[in-house]
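Chemist: This is the structure, below, for whatever I ask next.
The values are calculated or read from the model by the stated rules, or taken from the named source; none is laboratory data. No experiment lies behind these values; they were computed from the predicted model shown. Don't worry about glycine lacking a Cβ; one is built from the backbone with ideal geometry, like all the others, and counts go over all protein chains shown.
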Amino acid sequence: MMDIQIVAIGFVVMLALLRFSLPVAAVMTITGVVGGFLLYGMPLVDSMGSVI
């Protein structure tokens with residue numbers, strides 16, 4: 001379950017990546033892939049392989 005601390009950490013990570021002048025789409029993709037990997041592991045990464 002996601003609580004406010006997890007959401008806050010994700011928000012801060014996204015802001016930090018945006019601070020490095022990365023495009024918004026790249027930051028959202030990086031955050032989504034890393035978060036999905038941490039939550040579901042390799043099955044999620046395997047299923048996303050054809051999409052990304």
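Chemist: Quick one: which helices (runs of 4 or more DSSP H) lie wholly within region 2-52 and hold at least 3 residues that are charged (D, E, K, R) and surrounded by 14 or more Cβ atoms within 10 Å (Cβ to Cβ)?
Modeler: Result: empty, no element qualifies.
Chemist: Here is a follow-up. Could you grab me the full set of residues in region 8-23 that are modelled with pLDDT under 85 and within 12 Å of the chain's Cα centre (by Cα)?
Modeler: GLY10, VAL13, MET14, LEU17
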